[in-house]
Amino acid sequence: MTPRERVRRILNFQTADRPAIDLGATRMTGMSAWTYGELKQALGLSGGATRVIDLFQMLAEVEEPVLNALGCDFLGVPDMSMPYGLTRNGWKNYTFWDGQTFQVPAGFRPRVEANGDLLVGNGPDWTEPVARMPRSGRYFDAIGVANLTDTFEVPHIDPAEWRTPAPLTRVYLDAERERISSLYAATDRALVATPPFNLSSGYGGMYQWGMKMALDPEHCRRYMMAQGEAAAHRARQYLEAVGEFLDVVVLSGADYGTQDREAFRPELFGACMAPGWKVVCDAVHRFPHVKVWIHCCGSIPGLVGYMADAGVDILNPVQWGAAGMDRKWLKETYGDRLVFWGGAINTQNTFPFGTAEDVRREALECLDIFSPGGGFVVNPIHNVQADVPVDNIIALYQTAQTYAYA
């Protein structure tokens, strides 16, 4: 069974020879550049380079030999735009504080402070720093961004000032078709794209938007519908050009959950946000084989049903260690409507702090719960962080590759 064949069965709630497996198909299912070279060495792989495709999270681009070794079934369509105004237009080597040299976008030119901190800007000139990597840090932290709970001011944008995405141009669509069709022909893996349309999260910040929904739900519903209709038009344009080559589109990376509850009342999501989301999902589902993928961390048991009703097909990262996110409940309640992508290991506890045997044991528990009837893609809860032992990474992926359906 080819990866693409396996994926199409799993995403349509059918069993295959084994579960589908992912590493690096999205910016929420990848791994830290700080660990990537060590993983390659442990797998007996040489050559290539550690290429950082997301400087904010310091994520490595997962190379073909690593995908093969770990049994991965998906390939992410490379994003041409990157954080901090950078583009996928050439690479250069850069040595970080611990002596590791990674390939970074050619436009990366941080300002090095006297204490070794790195500052980066945004846009073409990088004159005003927007993020900092402290010496000995492993990520870039935003500068000058107020804490989400620092203000209780409720934002308001008058409908006359609403901005929606413009239609995609023919030049862009033709270039995307050439790029993605070539990638499709060169691989038998299922392609995952992060397209130029998304499911809007409102405006003003997550908590501020929650207050806005509570105080002015009709305004928020109308705003989300306007955003959804514009995004749906883009979705139809994009998928008419490249939909035949794709299996999954990433439509949201927003987090609406904390460790112990939703960030706002779930019924507000259902009333104000879900209708706009449904417009976009319906546009995608005009191409029935293309699945809608969203990422939403935290405790969101009250949101999952609204997301499924809106047309979401795939939920990531399945943070079952958060309150209310019981694995068996999720599978029994939504396992015939939602594909669970992630949740194969607890990344807050077992993955970084357990032994390889602990990882195998927990991964088998998760596989036994989530895999029956298809609908499960093996990946940790969120990206593989720099503190995860390489033996634990290999243990997770070996367990998935050798797992057989009962």
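Quick note: the coordinates plus some simple rules give every number you see, no bench work behind them. In this text, all values refer to a predicted model and were calculated from it rather than measured experimentally. Virtual Cβ from ideal backbone geometry, glycine too; neighbours counted across all protein chains shown.
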(request) Starting from the eigenvalues of the Cα gyration tensor, five times each then square-rooted, give me the equivalent ellipsoid semi-axes of region 277-406, largest first, whole Å. (result) 27, 15, 14
(request) Could you grab the relative contact order for region 279-333? Cα pairs under 8 Å, six or more apart, rounded to a whole percent. (result) 36
(message) Would region 217-312 count as rounded, prolate or oblate if I go by the C-alpha gyration tensor, calling it rounded below 1.5 in a/c and otherwise prolate when a/b exceeds b/c, oblate otherwise?
(response) oblate
(request) On a C-alpha basis, how far is the centre of region 348-406 from the centre of region 229-308 in Å? Whole number, if you could? (result) 26
(request) Please arrange Ile314, Ile300 by counting, for each residue, the other beta carbons lying within 10 Å of its beta carbon, fewest first. (result) Ile314, Ile300
(request) Choose one of Ala400, Val312, Val249: the residue whose Cα lies farthest towards the positive end of the charge dipole of the chain (beta-carbon charges +1 Lys, Arg; -1 Asp, Glu; about the Cα centre). (result) Val249
(request) State to the nearest 20 debye the size of the charge dipole of region 18-99 about its Cα centre, where the only charges are +1 on K and R beta carbons and -1 on D and E beta carbons. (result) 100
(request) Work out, step by step, the length gained on full extension between Arg222 and Ala175: first 0.36 nm times the residue separation, then minus their alpha carbon distance; give nm to one decimal. (result) 13.6 nm
(request) Place a +1 charge on the Cβ of each Lys and Arg in the chain and a -1 charge on the Cβ of each Asp and Glu, then give the dipole magnitude about the Cα centre in debye, rounded to the nearest 20. (result) 580
(request) Can you check what the Kirkwood hydrodynamic radius comes to for region 355-406, Cα pairs only, in Å to one decimal? (result) 11.5
(message) Under the rule of at least 5 residues apart or a separate chain, name every residue whose amide H is placed under 5 Å from the amide H of Gly343.
(response) Asn379, Ile381, His382
(request) Search the structure for amide H atoms under 5 Å from the amide H of Met31, placed 1.01 Å from N in the peptide plane, and list their residues when 5 or more places away or on another chain. (result) Ala60, Val384
(request) Straight distance only, please: which lysines reach the Cα of Lys212 with their own Cα at less than 28 Å, same-chain residues fewer than 8 apart left out? (result) Lys278
(request) Name the cysteines of the chain that stand alone by the Cβ rule: no other cysteine Cβ under 4.7 angstrom. (result) Cys72, Cys281, Cys296, Cys297, Cys366
(request) Give me Glu153, Glu362 ranked fewest to most by other Cβ atoms within 10 Å of their Cβ, as a rough exposure proxy. (result) Glu153, Glu362
(message) Between His289 and Tyr203, what is 0.36 nm times their sequence separation minus the Cα-Cα distance? Round to one decimal in nm.
(response) 27.8 nm
(message) Please identify the DSSP H helices in the chain that span no less than 27 Å along the helix axis (Cα) and have a mean Kyte-Doolittle hydropathy of 1.0 or more.
(response) none
(request) Just the number, please: percent antiparallel of the DSSP beta bridges in the chain, rounded to the nearest 5. (result) 45
